[in-house]
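Each remark here refers to the structure printed beneath this line.
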Amino acid sequence: MNLKDIQVNETHVCVLRREKNQQELRVDFIELVFPYNKQLNELKRMSENRNRNVLELIDFVENSKLNVLMQSFNFCDCLSEPWQACPNITKVKSEDYMKFIDEYNQKIKGSKG
């Protein structure tokens, strides 16, 4: 194992090991492997597509192996899902979204001036 390739808590976890019937400890590294990396990369690719909307991304997660993560995480009592639920989600075109962002930025600039 090349120590130059190891980034503790990013690519590997550092652990102490004791061999059976021995009193000595040794340092070892366990590689962090995310079994759903392919699906996560696909979700990232989809999210970078300006023609995608949040409903499509949610649908992808719910119907892929990433769904297991949604069953495993609950971040706080205020949230019932791994993300903050938005009950009024509607499809918004990328152009309209950018227009909303521009209008919001203009309001911020106007309030500072």
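For this structure, a couple of remarks:
- Residues that are open to solvent by less than 100 Å² (accessible area, probe 1.4 Å) and at pLDDT 80 or above, drawn from segment 99-113: Ile101, Asp102, Glu103, Asn105, Ile108, Gly110
- Matching residues, segment 24-63, being surrounded by 10 or more Cβ atoms within 10 Å (Cβ to Cβ), without any contact (Cβ under 8 Å) to a residue 24 or more places away in the chain, farther than 20 Å from Lys93 by Cα and of a type in the set (A, V, I, L, M, F, W, C): Leu25, Ile30, Leu32, Val61
- For segment 64-98, filtering for residues that are at pLDDT below 80, surrounded by 12 or more Cβ atoms within 10 Å (Cβ to Cβ), under 20 Å from the mean Cα position of the chain (by Cα) and assigned to a loop (DSSP other than H, G, I, E, B) leaves 3.
- Residue that is farthest from Glu95 (Cα to Cα), among those in segment 1-23 that are open to solvent by less than 100 Å² (accessible area, probe 1.4 Å) and among the polar types (S, T, N, Q): Gln22
The values are calculated or read from the model by the stated rules, or taken from the named source; none is laboratory data. As the structure is a prediction and not an experimental result, all values here were calculated from the model. Note that each Cβ is placed from the backbone with ideal geometry, even for glycine, and that neighbours are counted across all protein chains shown. SASA here: full protein model, heavy atoms, side chains in, ligands and nucleic acids out. Shrake-Rupley method; radii C 1.70, N 1.55, O 1.52, S 1.80 Å.
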